[in-house]
1. Taking the conditions exactly as written (at pLDDT 95 or above, in contact with an Asp or Glu (Cβ under 6 Å, 6 or more places away or on another chain) and not charged (D, E, K, R)), does L476 satisfy them or not?
2. Take the conditions free of Cβ contacts under 8 Å to residues at least 40 places away in the same chain and away from the ligand (no atom under 16 Å from the Cβ) and apply them to G386. Does it pass?
3. For the stretch 184-214, what are the residues that are within 14 Å of the ligand (Cβ to nearest atom), assigned to a strand (DSSP E or B) and closer than 21 Å to L53 by Cα?
4. Among the residues of the stretch 40-51, which ones are buried (at least 20 other Cβ atoms within 10 Å of the Cβ) and out of contact with any Leu (no Cβ under 7 Å at 6 or more places or on another chain)?
5. Can you tell me which of A407, A345 is of a type in the set (A, V, I, L, M, F, W, C), within 28 Å of V16 (Cα to Cα) and surrounded by 21 or more Cβ atoms within 10 Å (Cβ to Cβ)?
6. Just checking, does the stretch 222-243 include any residue being part of a helix (DSSP H, G or I) and touching a residue at least 24 places away in the same chain (Cβ under 8 Å)?
7. Do you know which residues across the stretch 131-152 are in a helix (DSSP H, G or I) and more than 16 Å from the ligand (Cβ to nearest atom)?
8. Just checking, how many residues over the stretch 58-76 are at pLDDT 95 or above and either closer than 12 Å to W30 by Cβ or in contact with a His (Cβ under 6 Å, 6 or more places away or on another chain) (or both)?
Amino acid sequence: MTSTVPQSGTVEQAEVGRRADAFVAELSEWLRIPSISADPGHHGDVGRSAAWLEETLRRDGWPTVEVWGRASGATGEGDDTPALPAVFAHWPAADPAAPTVLVYGHHDVQPADLEDGWSFAPFEPQVVGEELRGRGASDDKGHIAMVLLGVRAHLAATGAGAPAVSLKLLVEGEEESGSAHLADLLAAHGDALACDEIVVTDTGMVDRDTPTVCTGMRGMVEAEVVFRGASVDLHSGQFGGAVPNPVTELATLVAAFHDDAGRVAVPGFYDDVREPTAREREAWAALPFDEPAWLAGSAAGATATAGEDGWSTYERLWARPTAEVNGLHGGYAGPGHKTIVPHVATLKMTFRLVADQDPARIKALVERFVADRVPAGIDAEISTGGPGVPPLICDLDSALVASIREAMGIALGAEVLPAREGGSGPEALLSTALGAPLAFLGVMLPDDRIHAPDERAVLPLLLRGAEAVAHLWRLLGERATSEKARS
Ligand SMILES: [Zn+2]
C-alpha cells in the first residue's frame, strides 16, 4: 500500500506495518456484519457483531472479555428491554499502580441501503487504492479495530505481556440510536468500568494533511411545538382574515428565535456560554479552511455561509450554540391550491449547546420563550423530549490531551492542533458517570461520508492512528512512572 502519510520510523510503526494486511482482512470481515441498531430487523446482526468482537479480543489475549445487554439475537423495543449488546474488555497492566484508561467506541452502524445512493454494496467492503469502503469502515468499527491494532503493536514493541497502563474497552451497540441504555449500563457496571481517564475514539481531524485532535463536542436539546386554531381547516374566504392562522403565527414564532445579528434571541440563552480561549481561537484561525470547497463539498452545494455575526465558520460550528429549525409544517402543499385557513402547524427544532450550557435550563428557557409568544386563539403544545445531551469540553492543559497530541504527532509527523466537532455524543454522560476526564483520539475525515452513502476510511490514516494508540499507552505509562518517581 503506498502512502503519502509520513512514516515515523518507530518500532510501533514497524509493528503496525507488519500487521497491515491482516488488519484490513479482519476489519473487512467485521464490516460484513450489518449491525444496524436503528433497525429491529438487524438486531441479531448487532449481536453477531458483538460476538465477533468478543472472539477477536479473546484471540488477542485480553484476560477479561464480556458481552453486556440483550442476549445475542434477541429483539425488542422499549425502555425496559435491555441494551443491545455492548462489549467490555479489561487488560490490567503488570504494575497494579498504573493508571486505568477506558477506551469508548461503538460497533453499531447507521442504516445503509444501495437505494440510498451507494455506488457499491454497503456491507460488501472493498479496498480501492488507499480506501477501505463500506458502512462502518470509519464510524466506528474502523476506529475500534485501529485501537485493537494499536494495543497489539504496543505489546509487540515493548515485548511485554501486558500493556503499560491498565486498559479497559467499552464498545457500545446502540450509539447510532442515541445510546438510550448507556446510562443504565454505566450504572449497572460502574465497578467494572472504574477508570482514571477516558479516551473516545469516534472523532476525526479537519483534513488529511492537518492533524488535529478533537477537544469538544456540542450538546443538544430538542423541541416540538404545535399551534392549533379551529378543530378543522376553515374556508379562507369565509374565515380568512377574521381568525388566527396557526401557520402564520408559528412562522412569527420561528422568526423570533434569531435577532438580526444571527444570535439566538431566547432570553438567558447565552448566560452560561464559555467562550473559547484566545489560544483556541488562534489555533482554529491557523487551520486551513477552503470555504468554497467546503460549501461545494461537505456542505453539498450550499452557496454561502451564514450564522452568528463575528465568528468564523469553525467557531460557529464548534464554540457557538444554535437554534435550528429542523421542520416546519402546516396547511396544504399539494398540487394546485386549496383555499384554507389551516387548523394546525408543527415545528421541530434542535438546539446545539456548548460548554457550560445546561440542557435542563435551556429547555426551561425555550419553553418560557414559546409560552410568552402564544397569541390569543391559538392552543400551543410544547414538548422538549428526554433529558437532552450535555456539551463536553476537554481540558486542553491536561496531561491526557498533551499525551494524545504527542502520540498523534509522532505517528503523523506534524504538530497536532486542537479542534472541536459540532456534533453531539454520549461523552459528557461517560465522563460524569465515571467521574473521569475524557479526551478524543480519532482520524476520521470530513469526507469519510460517515452516516452517508459510500462511507470509506483512508487506510494509511487508520494505520497511523493505530500507531498513535500504541505510542499513547507507552507515553501514559512513562508519565505514570515519572510521577511516581517524583512523589
Ligand atoms: Zn460514531
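1. On the way: at pLDDT 95 or above: yes; in contact with an Asp or Glu (Cβ under 6 Å, 6 or more places away or on another chain): no; not charged (D, E, K, R): yes.
Answer is no for this residue.
2. Values: free of Cβ contacts under 8 Å to residues at least 40 places away in the same chain: yes; away from the ligand (no atom under 16 Å from the Cβ): yes.
Judged against the criteria, G386 is a match.
3. As a first pass, look at the stretch 184-214 and keep what is within 14 Å of the ligand (Cβ to nearest atom): 200-204, 214.
Okay, now just the ones that are also assigned to a strand (DSSP E or B), so 200, 204, 214.
Hit for the stretch 184-214 is V200, nothing else.
4. Residues of the stretch 40-51 that are buried (at least 20 other Cβ atoms within 10 Å of the Cβ), as a first pass: 42-43, 45-47, 49-50.
Listed by number, the residues that qualify are H42, D45, G47, S49, A50.
5. Working: A345 fails: within 28 Å of V16 (Cα to Cα).
Every option except A407 fails the conditions.
6. Taking the stretch 222-243 as the starting set, the residues that turn out to be part of a helix (DSSP H, G or I) are none.
Within the stretch 222-243, not a single residue is part of a helix (DSSP H, G or I) and touching a residue at least 24 places away in the same chain (Cβ under 8 Å).
7. Restricting attention to the stretch 131-152, the residues satisfying the condition of being in a helix (DSSP H, G or I) are 141-152.
Residues satisfying the conditions are L148, L149, G150, V151, R152.
8. Matching residues across the stretch 58-76 total 1.
The values are calculated or read from the model by the stated rules, or taken from the named source; none is laboratory data. What you see is a predicted model, and the numbers here were worked out from it, not measured in a lab. Every residue, glycine as well, gets a Cβ built from its backbone with ideal geometry; the counts of neighbours run over all protein chains shown. The area values use the complete protein model at the heavy-atom level, side chains included, leaving out ligands, DNA and RNA. Shrake-Rupley method; radii C 1.70, N 1.55, O 1.52, S 1.80 Å.
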